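The next block holds one structure in the form of structure tokens; read it before the comments.
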Amino acid sequence: MTDIDRTIPASLVELAQRALRNGRIDEVFLGFEGLGADFPAPIGWIMHLNRVETTLAAQLGISDVNNHLVVTSQIGSEPRAFVGIDRPMMDAEAITAWIDLPRPTDTGEPIADLGDTEMLITAVRNGWSVQRELRRADHMFMCRHAPAEMCDRLPLGASYQLYALNNFYNVKDTPSHRSTGAPVSRMIYLRRDAVPAGPWLSAMAEGTRISPESAISDIGVRAPWYADVAYFDKGAETWIL
């Protein structure tokens with residue numbers, strides 16, 4: 001039997017890298033798609049992309065597209081994005097074009113690469129779900145209430161959420177079943193100034209302050225309760241762990 005490659009598809013990695021590096025997307029989430037609380041593995045990957053702006057639909061020439069895109073991919077399939085009922089799914093080329101749309105001047109210029117892309121992609125390969133938010137809305141609010149000459153000097157912050165899901169929380173007779181007192185997940189938060197690649201300001205894990213260096217070290221290794229992504233065997237018509 002041919003070995004199945006369980007790693008995240010290269011085409012999805014390329015889209016995530018582009019979204020993280022070009023500074024046009026305000027919120028990037030890359031994590032795992034599940035089948036249900038009792039299934040002990042993810043079945044694919046999911047990426048959420050958010051833009052803080054009001055004119056994207058006009059740029060696209062359509063009236064019913066918002067500024068949020070959901071991209072999914074499974075083993076053996078290319079990334080696709082759902083954009084609405086009775087509309088074709090977006091392929092990788094169309095998703096790339098959406099990511100590269102220029103920002104309206106009233107919502108801030110793209111920021112330079114923060115140098116965090118490989119850290120986040122490595123975390124996903126290790127089983128962590130990751131989210132980075134450019135706190136552009138906060139920055140815009142501060143600029144509106146500050147003298148105009150100060151706006152350029154106000155730092156644009158970035159926040160990160162990384163979590164590992166306990167895939168075995170509802171799986172009986174496993175060491176990580178909820179009956180053993182095992183937690184349902186582990187959450188890590190990081191904050192930094194994005195000016196660009198500004199200093200790390202703080203980090204927390206499960207409500208306890210830790211050093212940013214410790215947090216970065218944690219997400220650099222395999223996540224607790226790691227499980228390979230399952231794939232669907234069409235011949236057997238079932239998911240294979």
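The values are calculated or read from the model by the stated rules, or taken from the named source; none is laboratory data. Predicted model, so just to flag it, every value in this text is computed and none were measured. Because the Cβ atoms are built from the backbone with ideal geometry, glycine has one as well, and the counts that use them run over all protein chains shown. These area figures cover heavy atoms from the full protein model, side chains too; ligands, DNA and RNA do not enter into them. Shrake-Rupley method; radii C 1.70, N 1.55, O 1.52, S 1.80 Å.
Out of all the residues in the range 204-227, is one or more open to solvent by less than 60 Å² (accessible area, probe 1.4 Å), within 28 Å of Arg135 (Cβ to Cβ), assigned to a strand (DSSP E or B) and touching a strand residue (DSSP E or B) at 6+ places or on another chain (Cβ under 7 Å)?
yes
Please go through the range 186-203 and give me each residue that is of a type outside the set (Val, Ile, Thr) and assigned to a strand (DSSP E or B), ordered by number. Quick ask: steps written out before the conclusion?
Looking only at the range 186-203, we keep the residues that are of a type outside the set (Val, Ile, Thr), and these are 186-187, 189-194, 196-203.
Answer for the range 186-203, where residues must be of a type outside the set (Val, Ile, Thr) and assigned to a strand (DSSP E or B): Arg186, Met187, Tyr189, Leu190, Arg191, Arg192, Asp193, Ala194, Trp200, Leu201, Ser202, Ala203.
Restricting attention to the range 30-48, and to residues there that are open to solvent by 30 Å² or more (accessible area, probe 1.4 Å) and among the aromatic types (Phe, Trp, Tyr), which single residue is farthest from Val171 (Cα to Cα)?
Phe32
So that you can scan it fast, the table gives a plain yes or no per residue for (1) free of Cβ contacts under 8 Å to residues at least 24 places away in the same chain; (2) of a type in the set (A, V, I, L, M, F, W, C); (3) closer than 16 Å to Val130 by Cα; (4) open to solvent by less than 40 Å² (accessible area, probe 1.4 Å):
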residue: Asn166; (1), (2), (3), (4): no, no, yes, yes
residue: Ser179; (1), (2), (3), (4): yes, no, no, no
residue: Tyr189; (1), (2), (3), (4): no, no, yes, no
residue: Ala194; (1), (2), (3), (4): no, yes, no, yes
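For the range 228-238, enumerate the residues that are in a loop (DSSP other than H, G, I, E, B) and either in contact (Cβ under 8 Å) with a residue 12 or more places away in the chain or in contact with a Pro (Cβ under 6 Å, 6 or more places away or on another chain) (or both).
First pass over the range 228-238, keeping only residues in a loop (DSSP other than H, G, I, E, B): 228-230, 234-237.
Correct list: Asp228, Val229, Ala230.
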